[in-house]
Amino acid sequence: MSFISPSFFIFLAGSFACFFLAPKRARWFVLLAASYVFYWFVGGLFAVSAITFTILTIYLSGLWAGALRERNASKWIRRLPLLFCLTANFGLLFFFIFSSYIVPRLGMLLIPGISFYTFQAAGYLIDIYRGKVAVEKNPLKLALFLSFFPQLVQGPISRHSEIASDLFAGHGWDWERSRRGVQKMIWGYFMKLVIANYAAPLVNNVFSYYYNHGGAIIVFAVFVYSIQIYADFAGGINITMGIAEILGVKLPENFRQPFFANSLTDFWRRWHITLTRWLRDYLFYPIALSKPLGMFGKVSRKIFGNRIGKMLPTSIATFCVYFAMGVWHGAGAHILMFGILNGALITAGLFFEPLTERLRKLTRLRGEVSGKGKMFAILRTLGLMMFLRYFARAESLSHAWGMLRQTFTDFRLYELWNGSLLRLELSGFDYAVLAFGVILLFIRDIITENEIDCRMQLNKSRPIVQFAVLTVLLLSVTIFGIYYGDALSADFIYAAH
């Protein structure tokens, strides 16, 4: 039962009705029941059993960790619940990610959303260990926190302290909140059905049969893929956040105009923000502040001097974070390379910052706040991300190298205007729809980048303007996304993570 299936809308209508008609104290329980029903239809008994295993182990380990903290147990003793529970749950996660790659038949056992709820569960347990959150004594309430159906399959990765109060408050129906939630959902469906779905055939064709195309077509496909994955993932997150907003639950932001990033580091601060934040708080700081790395830093300063010596420990921790971020995207040698290159490029950027600053001065591209400097930084970051996308989307590492080789040795620029683009499973009409969607997407992102809330401005405008904007979006989704498009057969890219 995907967000874009008719059965989901029937389920959603029933869930909303039951939630708002139920007594206030029982509304959180309605959400829990709805979440389990949803996950049953999405993943079946096997997936429900897997998330229940995570809930039970996190609940018991949380009680254990809380009791040890109250008794002022030693640091090593207090780590036991973490070692036991995180090993079990991350072991399960890695087993399904990597075994399905090694043994393709196991792909049918891949659990939808397993990495999202595993990371969320781990963050909750680590926060208990650190004393940042209180132990949830009610196992059913913990179950709702980990299985809340809008965010279960695609995230975002929330903290217990961020959403628990909203989940259990039992908010009643509110017109303004519902209006804003529906607007966010419509925009999410527009991104998915009018942009991502129309981009998919071209991307699939070129990445599968790259050897039939010149470098110009390949670069164009990589650029289209960059837009596709943004519209697909952010579209799903918008739908998620819209549903949650109607229910009175405010989920954390997960995307912030990534195409305006001025560096790779800035890109990851804008892309899948909750994952970046999770890796920063639960991986980067523990590594960077660890005793072994502290000792390594002292030795490095003696050998390489103050500047390099101070940067080496930070660089190691940074590399680990961005390598992990790359690996999170899946299994396979090409994905490992995606992670390695992410970590290597960002780490290299730390070391070469003085040289980069000199080049800015020589080229008069000082600063990255406005003007030419900002445009140069944005284009540079886009180029680097497109290079990384070769590995992220390729079917194998050899395909990624083959595409890069084709790009640099057989460019064939003329293929962009000799009709080759019309042989990539998209018609002229399809390109027009895709261009229309991308233009609206970038207009919206430009407005938002200038710190203007599009929904707020829309709701302040005259009723005729609101009606016109929503009508255009709804008709676009209905006509282009559903009637002319292939909405039902194209699920979200990250639905199985």
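The values are calculated or read from the model by the stated rules, or taken from the named source; none is laboratory data. Not measured: the values here are computed from a predicted model. Don't worry about glycine lacking a Cβ; one is built from the backbone with ideal geometry, like all the others, and counts go over all protein chains shown. The protein model used for the area step is the full one, side chains on, heavy atoms only, and it has no ligands, DNA or RNA in it. Shrake-Rupley method; radii C 1.70, N 1.55, O 1.52, S 1.80 Å.
Couple of notes before you dig in:
- The range 184-251 - accessible surface per residue (Å², probe 1.4 Å): 19
- Computed about the Cα centre, the dipole magnitude for the chain is approximately 1940 debye when only Lys and Arg (+1) and Asp and Glu (-1) carry charge, each at its Cβ.
- Percent accessible area from carbon and sulfur atoms, the chain, protein chains only, probe 1.4 Å: 68
- Amide proton proximity set for residue 255, modelled H, under 5 Å, gap of 5+: 273
- With only the Cα atoms considered, the range 385-497 has a convex hull volume of 185 Å³ per residue.
- Electrostatic dipole magnitude of the range 6-90 [Cβ: Lys, Arg +1; Asp, Glu -1; Cα centre; debye, to 20]: 420
- Across all directions, the average flat footprint of the convex hull enclosing the Cα atoms of the range 110-235 is 11.0 nm².
- Whole-Hz Karplus values for the range 218-226 come out as 5, 4, 4, 5, 5, 5, 5, 4, 4 Hz, taken residue by residue from phi with 6.51 cos²θ - 1.76 cosθ + 1.60 and θ = phi - 60°; glycine and proline positions read x.
- Shape summary of the range 1-41, radius of gyration then Dmax from alpha carbon positions: 10.5, 31 Å.
- Near residue 155, no amide H atom lies under 5 Å from its own; only residues 5 or more places off or on other chains count, and H is placed 1.01 Å from N.
- Cross-link table 310/374; 141/460; 75/310; 291/374; 24/75, entries beyond 31 Å C-alpha to C-alpha: 141/460; 291/374; 24/75
- In the calculated pair-distance distribution of the range 367-410, the portion above 12 angstrom amounts to 65 percent of the Cα-Cα pairs.
- The residue list 83, 68, 271 was ranked by how far each Cα lies along the charge dipole of the chain toward its positive end, using unit charges on Cβ atoms, and 68 comes out on top.
- Dipole of the chain, positive direction: furthest Cα of 52, 5, 215, with charges on the beta-carbon: 52
- Most to least packed among 311-321, 6-16 [average Cβ atoms within 10 Å]: 311-321, 6-16
- Lys/Arg +1, Asp/Glu -1 at C-beta; the chain dipole; positive extreme among 492, 125, 428: 125
- Evaluating 6.51 cos²θ - 1.76 cosθ + 1.60 at θ = phi - 60° for every residue in the range 336-341, the Karplus couplings come out as 4, 5, 4, x, 4, 5 Hz, glycine and proline recorded as x.
- Options [x] 1.07; [y] 0.97; [z] 1.41 - which one matches Rg/Rh (Cα atoms, Kirkwood Rh) as calculated here: [y]
- Highest-first arrangement of 384-396, 116-128, 452-464, 83-95, where packing means the average Cβ count within 10 Å: 116-128, 384-396, 83-95, 452-464
- Among 301-308, 25-32, 270-277, the order from most to least packed when residues are scored by Cβ within 10 Å on average: 270-277, 25-32, 301-308
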